[in-house]
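> Quick one: the structure is below, and I'll ask about it shortly.
The values are calculated or read from the model by the stated rules, or taken from the named source; none is laboratory data. Treat the numbers as computed from the prediction; the structure is a model and nothing was measured. Every residue, glycine among them, receives a Cβ derived from its backbone with ideal geometry; neighbour counts consider all protein chains shown. Areas reflect the complete protein model, heavy atoms only, side chains present, ligands, DNA and RNA absent. Shrake-Rupley method; radii C 1.70, N 1.55, O 1.52, S 1.80 Å.
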Amino acid sequence: MSARLPLIGVTLDSEPPAPQGTGGYSRFPWYAIRQNYMDIIAACGGLPVALGHDPAMAAAMVARLDGLVVTGGAFDVPPDLYGAPDVHASVQTKPRRTMAEAALVEAAMAKSMPILGICGGMQLLAVLLGGTLVQHIPDTYCAALAHEQPNPRDEAGHDVYIMAGTQLARLVGAGRLPVNSSHHQAVRDAGRGVICARAPDGVVEALELPGYPFCIGVQWHPEFGISAGDRLLFEGLIDAARQAGT
C-alpha cells in the first residue's frame, strides 16, 4: 500500500460575474486558480485541494489539511489591516478573499501547520505577523527594478539574494536565485517574521518565521519553476507537511 499523500490546501482567487454579452467565463461569481499551482504540488508528492472563501469554515478546512499554500493574485491586502492611514490610488482589494485567507492562516498557525505564502500570500503573511507593506514600490524605491516584469511570467525577471543561515537558504542550497516578478507592493517590515531575501534594489523578496516548523513567504511565483530552488521550496513544504501528518 502506498504512503498517504500529504493534503495541501491551496487558496483560490475570485472573480466577479462577467457582464452579459462580454463573453466572460460566467455571469455568476467564480473561483479561479492557475493549473501550475496544483501541478507542482502533485509533482512534489502532495495532494492539492482547492479552498473556497468562507472564513467560518476555515478551522474545519484546516483540520483536514497537512499544509497550506496561500496564493497570489492581482489584488492587494487592505491597508487598514496594517494600520495605514492612507490608501494609494493603485490599491485594489478583495476583502472576502483576504478575510478567508487570514482565517485559514490563523487556523493553520494554531496547529503549527506548514505554510507557504506566495506573492500576495507572502504580503498577507507579513501583515498577520504584525508587519506592514509598501503600497506602491515606485513611490518608495526610486531606483526600483521592474517588479511587474514586462517579459512572460515563466521567465526570470531578476535575481534575489538569500540571507545566509536562514531556513530558506538551507532549503534551496543557494545564496542567489533567478525569479519571476509580478507585484507592485512589497513587505516593508515583517513583524514577528524575519526577512530572508531581497532583490538587488532592496525590495523584500522572502520572509520566514523563526521557531516555526515551516512558515515561509516568497514574493515571486515558484510554481512556474524558474530555478531548481523553486521546486526545492515546494518539496520542503511537502516534506514538512508529511512529517506533520505522521
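> In the list L47, L5, L81, which residue meets the criterion of being open to solvent by 30 Å² or more (accessible area, probe 1.4 Å) and in contact with a Gly (Cβ under 7 Å, 6 or more places away or on another chain)?
L5
> Right, D39: among the acidic types (D, E) and surrounded by 12 or more Cβ atoms within 10 Å (Cβ to Cβ) or not?
Answer is yes for this residue.
> Give D76, D54 a once-over and let me know the one that is open to solvent by less than 70 Å² (accessible area, probe 1.4 Å) and under 15 Å from V127 (Cβ atoms).
None of the other options fit; the residue is D76.
> Which of the residues belonging to region 201-213 are touching a Leu at 6+ places or on another chain (Cβ under 7 Å), open to solvent by 10 Å² or more (accessible area, probe 1.4 Å) and either charged (D, E, K, R) or closer than 17 Å to S181 by Cα (or both)?
Answer for region 201-213, where residues must be touching a Leu at 6+ places or on another chain (Cβ under 7 Å), open to solvent by 10 Å² or more (accessible area, probe 1.4 Å) and either charged (D, E, K, R) or closer than 17 Å to S181 by Cα (or both): D201, E208.
> Condition first: under 14 Å from V187 (Cβ atoms), of a type outside the set (V, I, T) and either under 16 Å from the mean Cα position of the chain (by Cα) or part of a loop (DSSP other than H, G, I, E, B) (or both). Now tell me which residues in region 69-94 satisfy that.
Of everything in region 69-94, those that are under 14 Å from V187 (Cβ atoms), of a type outside the set (V, I, T) and either under 16 Å from the mean Cα position of the chain (by Cα) or part of a loop (DSSP other than H, G, I, E, B) (or both) turn out to be G72, D76, A84.
> Report, ordered by the first and then the second residue, all pairs with beta carbons closer than 6 Å, sequence separation of six or more or different chains, a first member in region 12-41 that is in contact (Cβ under 8 Å) with a residue 60 or more places away in the chain, and a second member that is of a type outside the set (S, T, N, Q) and assigned to a helix (DSSP H, G or I).
S14/R97; N36/E223; Y37/E223; I40/E223; I40/F234
> So, of the residues in region 214-246 that are crowded, with 20+ Cβ neighbours inside 10 Å and farther than 24 Å from H158 by Cβ, which turns out to be nearest to the chain's Cα centre (by Cα)?
Only one residue fits best here, namely C215.
> Inside region 163-195, can you point out the residues that are among the small types (G, A, S), part of a strand (DSSP E or B) and open to solvent by less than 20 Å² (accessible area, probe 1.4 Å)?
A186
> In region 128-152, which residue that is part of a helix (DSSP H, G or I) and under 17 Å from D201 (Cβ atoms) is most open to solvent (accessible area, probe 1.4 Å)?
Out of the qualifying residues, it is D139.
> Could you say which residue among A89, A103 is of a type in the set (G, A, S) and open to solvent by 40 Å² or more (accessible area, probe 1.4 Å)?
From the options A89, A103, the qualifying one is A89.
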